[in-house]
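All remarks here apply to the structure that follows.
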Amino acid sequence: MRTHSVGIVSVFFIFIALQGCSKAELSETTSTSLLIAAPAVAVTSPTASQTAALLSRSLPAALGDSTAAPSEVKPIDEMLSEIKNDLASANPVAIAAKVGNLTVTSYRASCYGPSWTDDATGAPVSRPPGDLGMVAANGSATDSTACAAAQLNALIGGAPQFLNKLVKLQATLIAALGKSGKTLPEVGATVDATADLPAFTAFTVGAASLKRLSDNADGQKVFKTSFSFTDGSGKSGSAVVFHTPKNESNSNFKGLIQAVLPHTSTFGAGTRRGLSMVYDETDGVLTYALDIAANRTTDSATFFNATSGRIDFSGAAFGEDGHRILARFDTVTNAVTMHYAWQAGDLDGAVRAFALNIPAGTDGSLSGVAYFGFGAAMSTLTDDVSTPWMSKMHCNWLNALASGPSVAKVQAQTFAQSGGKFLASTSKIAFAPTDNCNGNFSVTGSNPNTYDGSYTVATNDLVAVGDLGAIPAVTAPSYPVPTE
């Protein structure tokens, strides 16, 4: 299997056998070892590069933002190497040290939604961080990464990267069970791993176990790994991984991950964040649906649909920081399609969304297209992305938010890989922060201050989705919640 020299948002399950095993021995060893129940999940950006200098604050510091690059945003081959080493190390203490804390930090590329004051509407208007779309072709004044790529890197470094923490937690459990000499449970049995786990630096695990459920209707194995934990402030959380290998070597697989995590809402009393991911890999083609939602005014852990197991954005538990990702990638041809939508608060009435496509190609010479714009409310989005989620631009978002004026066009960039980065080839992103996206304006107090100055956008160059290249649809996989 080939991997990108730059990352693709990816969920990989890689099972490491003992050195010197033949292919036949590998299949037999994998099918009978703990590793068959051990998903090594890596989440990174489709356009990750070696540099992260372009990341900047996206929200007030009180929300836990940081200007430092999250370690998860790096090329997928590096991440896969680390995962392999973790699974093969049989050193649960070392893996536990990598899990970190249970805090979600948000990031924003400098070129996307900088805070500033402008006079585009005839009077000074202060735009908060994230209010505007892409305002420059490059990630920052010092980074030539295409802005669309830079912002996707930043987005993945926020709430979606929490899945990487769950990966490390899962790997720690498997390594701990192996070190203690425990084996896979029989159907209906559970192996308690609580006492086997090492200490974690920022939270305490209250319970951890691996259970073998009844085989599914296709006669395939079903494993359930469960955790409960408490962070340093006393807030509790839990996670569960349902995993089904579809062949003996576990190279084809499917599953469901759910987690309820500690959260602190700045605008309400909510204390929980929900995460779900449904995944499927068949002959090197991986598809997945990742959904994330946090509480705001309602403090609730009721995030998941009882049948699908996924986040229910129409429920009362969703109040802020909603994310939806649908992705499909071919690990043989390097082709990838990703649809990403996020919404700051449930009352915003619209998502901001990216759609990206990188056709099949050779590492080092990949190219693609990305679109950014606004779409329907998160609670009304469906998995049908035959028409991507974005459909319009609210250039003057502060004028009544989603109820305000918009134009039926979006921003777009094409990009090509060079020197480990995706660089902009064509940028159709020019707009003025006015109701019709056209006008003359001056900017002061921008953060970063490189955007201060005078601008003339007589006619915006926004486009319709598809004008610079098609975005294929992605069919979301399904994994109904297993019965026990």
Next item on the list: Find the centroid of the Cα atoms in the range 204-282 and in the range 297-331, then give the distance between the two in whole Å.
Entry: 14 Å
Note to self: A 27 angstrom limit on the alpha carbon distance is what I want to check against. Which of 224/421; 165/246; 74/98; 168/392; 98/179; 74/409 exceed it?
What the structure shows: 224/421; 168/392; 74/409
Notebook entry, point to check: Modelled label-to-label distance, residue 379 and residue 470, 7 Å Cα→beta-carbon offset: nm?
Noted result: 3.6 nm
Item checked: For the range 122-242, fraction of C-alpha pairs farther apart than 22 Å, in % -> 56 percent
Notebook entry, point to check: For the range 160-319, what is the accessible area per residue in Å² when the probe is 1.4 Å?
Noted result: 36 Å²
Notebook entry, point to check: Using a 1.4 angstrom probe with every protein chain in place, what is the largest-first accessible-area order of 228, 418, 265, 314?
Noted result: 314, 418, 228, 265
Check: Accessible surface of residue 380 in the full protein assembly, 1.4 angstrom probe, to the nearest 10 Å²?
Finding: 90 Å²
Check: At a probe radius of 1.4 Å, what is the per-residue accessible area of residue 78, in Å² to the nearest 10?
Finding: 80 Å²
Checklist line | Length released on extending from residue 444 to residue 400, taking residue separation times 0.36 nm less the Cα-Cα span | finding: 13.5 nm
Check: For the range 389-478, what percent of Cα pairs sit more than 16 Å apart?
Finding: 66 percent
Check: In deg cm²/dmol, rounded to 500, what helix-only [θ] at 222 nm does the chain give when every DSSP H run of at least 4 residues adds -39500 (n - 2.57) and the total is split over its residues?
Finding: -3500 deg cm²/dmol
Notebook entry, point to check: Contour minus end-to-end for residue 458 and residue 426, with contour as 0.36 nm per residue of separation and end-to-end as the Cα-Cα distance?
Noted result: 9.6 nm
Notebook entry, point to check: How fast does the range 113-163 diffuse by Stokes-Einstein, in µm²/s, taking the Kirkwood radius from C-alpha pairs at 10 °C and 1.306 mPa s?
Noted result: 127 µm²/s
Next item on the list: May I ask you to rank 372, 200 by accessible area, largest first, using a 1.4 Å probe over the protein chains only?
Entry: 200, 372
Next item on the list: List the aspartates and glutamates whose Cα lies under 20 Å from the Cα of residue 182, skipping any in the same chain that are fewer than 8 positions away.
Entry: 28, 86, 192, 196
Check: On the accessible surface of the chain, probed at 1.4 Å, how many percent belong to carbon and sulfur atoms?
Finding: 51 percent
Note to self: For a Förster distance of 30 Å, can you work out the FRET efficiency between the beta-carbons of residue 347 and residue 141, rounded to the nearest 0.05?
What the structure shows: 0.30
Margin query: At 0.36 nm per residue, and after removing the present C-alpha to C-alpha distance, how many nm does the segment from residue 90 to residue 484 gain when stretched out fully?
Written below: 138.9 nm
Margin query: Taking the solvent-accessible surface of protein heavy atoms with a 1.4 Å probe, what is the per residue accessible area of the range 386-484 in Å²?
Written below: 46 Å²
Notebook entry, point to check: Tell me, what is the 1.4 Å probe accessible area of residue 328, in Å² to the nearest 10?
Noted result: 100 Å²
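The values are calculated or read from the model by the stated rules, or taken from the named source; none is laboratory data. The shown structure was predicted, so the numbers you read here are calculated from the model rather than taken from an experiment. All Cβ positions, glycine included, derive from the backbone under ideal geometry; neighbour counts span all protein chains shown. Just so you know, the surface numbers come from the protein's heavy atoms only, side chains and all, with ligands and any DNA or RNA stripped out. Shrake-Rupley method; radii C 1.70, N 1.55, O 1.52, S 1.80 Å.
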